[in-house]
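All of the numbers you see were taken from the coordinates with simple rules; none came from a lab. All of these numbers come straight from a predicted model, not from anything done at the bench. FYI the Cβ positions are ideal-geometry reconstructions off the backbone, even for glycines, and counts take in every protein chain you see.
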Amino acid sequence: MNKAFLLGLIVCLNLAPPFHAAFAQSAYPSKTVELILPYAAGGGVDAMARAFAKEAAKITNSSWIVNNKDGAGGLIGFSTLANATPDGYTLVFSPASPLVVAPFLTKSMPFELTKIQPVCQVFENVFAIAVRNESSIKNFADLLKLAKDAPGKLNYGHAGTGSVPHLSVGTIEKTLGVQFNAIPYRGDGQLLPQLLAGDIDFGAPALSSIVGRNLRVLAVLSSQSQAGAPDAPTITQLGVGSVTPGLNGIYATFGTPNAIVEKLQDICAKVTNEEEFKKTATTMAQTPAYLGTQAFAKRIADVSKINADIVKTMKLEKN
């Protein structure tokens, strides 16, 4: 576990000392707020970021823009945030992966983790175990039987080495004593055609990627049932203690005044409760799940510890 990151999160939990708090509280936001999306335009996170910006603009009567700065698995966007002025006008809207996975798989991080302050969790991106409808694998029990009969023979696709679904399936393998043959893709966009064509035995795509597809969900990688696959069992019900979904939220530069962080936290809570935002989330098969600053920072710290262990267990190497 990265000790500097843990120290930074502990500081985040206590928050930085107020700086002209009354002024910041009353004036913010008084100009355009930039939401950096550290991934390419057009994906599910991009759509959720734009829905968030639209509602935040209404609530604050100010301008919020989404700026895509993709590259290096999200690290470029977070690097920009780490070097930004800590005034709350440059933020990141992103999964937590660059903070809770990248440190264990990247030899040289391009920014100090302690420069990033979690502000709020906005939604969870839940993944699934899925096969095409024509597959002879009818349920999760079938999948496990095949895996036990022929260890390492079942091919499955995931969104990239160290991605949330890759680590989740690694947890399943460890917990249930099975072994699959993992095939990495550059996101669900590359994975799904192979899955639908039957070139791989199963996949671990995001629920948001498979709405309306010719796929059968064997399990959702969550402890809670999901509206996007209401009939599918949760992985917890199937004997796996827990796996972590994609944690998506807002991040600021460390040192942002308390009053602004608190204002942003309040904006997050309001946006996640807006009907239009919920409607977008439902359309995208995403799950709004608000957490405030302290709870979000703690969850990130907890998930970092879990990921450090599973990466070690899976013997994934740093690049």
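For the reader, a short list of remarks on this structure follows.
- Between the stretch 217-264 and the stretch 49-126, the Cα center-to-center distance that results, in Å: 16
- Exposure proxy ranking, count of Cβ atoms within 10 Å, fewest first, for L215, L99: L215, L99
- Residue exposure sequence - S30, S135, S225 - by fewest surrounding Cβ within 10 Å: S30, S225, S135
- Were the residues from T313 through K58 laid out at 0.36 nm apart, the gain over their Cα-Cα distance would be 87.2 nm.
- Pairs of Cα atoms in the stretch 128-220 fall into 10 Å distance bins, from 0 up to the last occupied one, in shares of 18, 57, 25, 0 percent.
- Nearest-0.05 FRET efficiency for I183 and K298, computed from C-beta distance (R0 51 Å): 0.90
- The chain, relative contact order [Cα under 8 Å, separation at least 6], %: 29
- Given +1 at the Cβ of Lys and Arg, -1 at the Cβ of Asp and Glu and no other charges, the dipole of the chain around its Cα centre is 360 debye to the nearest 20.
- When you filter the trypsin sites (Lys or Arg not before Pro) in the stretch 167-273 for DSSP loop state and at most 13 other Cβ atoms inside 10 Å of their Cβ, you are left with R186.
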